[in-house]
Amino acid sequence: MAPDGIAVLRPWEVRNRAPNSVLFGLCAFETYFHSDRSIDGAALAIRIGSVNASLSLADVTARVDSGAFQLIFHINTHNVSNGIQGLRTEIVWPDGERMRWQTQEYEIDNVGTLATDVAVDLEAFGTPTVFGRVVDSSLFPYGVGRATAWFNEESRHAPAELSFLPARDNEAARRHLARWGFCVLNARLPLDLLADFNREIDDALESGKLQYNRGSSDRVYGAHKLPHGRQVWLFAPVVRFLRDWFRDEPCACQSLLYINGSEQNAHQDTIHLTPYPAGYMCGVWIALEDVQNDSGELFVYPGSQRTPRLTAKGLNLAKITTADYSTYAAFDRRIGELVEEGGYQSLAYRPKAGEILVWHENLVHGGSRRLNPSITRRSIVGHYFARGGVAYYDSRGEAATLEPIA
């Protein structure tokens, strides 16, 4: 028990890493405490490795109940020395009283050329190593840092004929992705894995293990946690392709399963699944059945990955704290303007079951209208970041959850 009846409910937890004892990239720390005292004027003092920081308690705290508070802060571990480091934290009250957490140790593990370049960029730009609850694009040196993606430079010149056919090999797929913002891999899901996963989905929907409003265009969360879903999520040919594309180890972020077409407006993933440096996130879309006409097919705007990257700050949009994205109508309008200004043309994608489409994070894409609601469009999309970069959700102001694959 700390002064004035303050009790720590639990140690700090790393919200966005599994296992959370090994840290890399941008990490979010969370805990709770009780207090009847005002947090005005109080500070959260943080030390990790040789880095010391002091944050206003009000900037890292949200009240969750009477006298109960949630604390969240972030560490850019790129600028913390690799190895075992102790995290020391305490609340310092205006009257000098202190509430200390027990020191927690973590292994910091930022390795590779990309991680090294990002660390240099963040230090040169003045990105704080430790900061408060909200992650924003303004914290990162887009356009001025030295860490840039090789494929962004080749996007206009890569020799690749526009096609939805599976690429001859990974080299052809890389050229198509660089030139047009998407590619179809030569590899496909094995038929037995595809059948097992579809049966697993049916069972999980029937039992309620996966939550879904039948007949809707809603996304289904968590299918990658099913045994065969995990095999799909971490499918070795996809991992190999992403490793070559990023020139860094890929990390898995999330999956979204669709039973029917999404009918999602044209959008870039950038504002929702945001990497630094630009380009170091890919979507991987897998058809779980043959896609038919009028089912609400996926569409893409080839070459549109070269349009300006839209951010919440750039559009003067507040961070989203609920599932309601209606305030992002300005984002939808701007996407429409970019497509029109660039003269990009929409193409609908109708793959065979098991085919794998990969897209650049800034490619404009979406879901067509379901002209025949009786036709399903079962598919799953996974999102993957390069391990050595920074990964966050700009629209929500949160650090991205990543799972190392290697």
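Taken together, the values in this text are just the output of simple stated rules run on the coordinates, not laboratory data. Keep in mind that this is a model prediction, so the values were computed, not measured.
Values for this structure:
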item: Centre separation in Å (Cα based) which lies between the range 77-147 and the range 252-271; result: 30 Å
item: Relative contact order (%) - criterion: Cα under 8 Å, at least six apart; region: the chain; result: 20 percent
item: Enclosed volume per residue, in Å³, of the convex hull spanned by Cα atoms of the range 78-206; result: 255 Å³
item: Radius of gyration and maximum dimension Dmax of the range 3-133, Cα, Å; result: 15.2, 49
item: Net lengthening on full extension, Glu97/Lys209 (0.36 nm per residue, minus Cα-Cα); result: 35.6 nm
item: Global size of the chain as Cα Rg and Dmax, reported in angstrom; result: 22.4, 70
item: Whole-angstrom gap from the range 325-379 to the range 19-44, using each part's C-alpha centre; result: 38 Å
item: Segment Ala18-Ala323, extension gain: residue separation times 0.36 nm, minus the distance between their alpha carbons; result: 107.4 nm
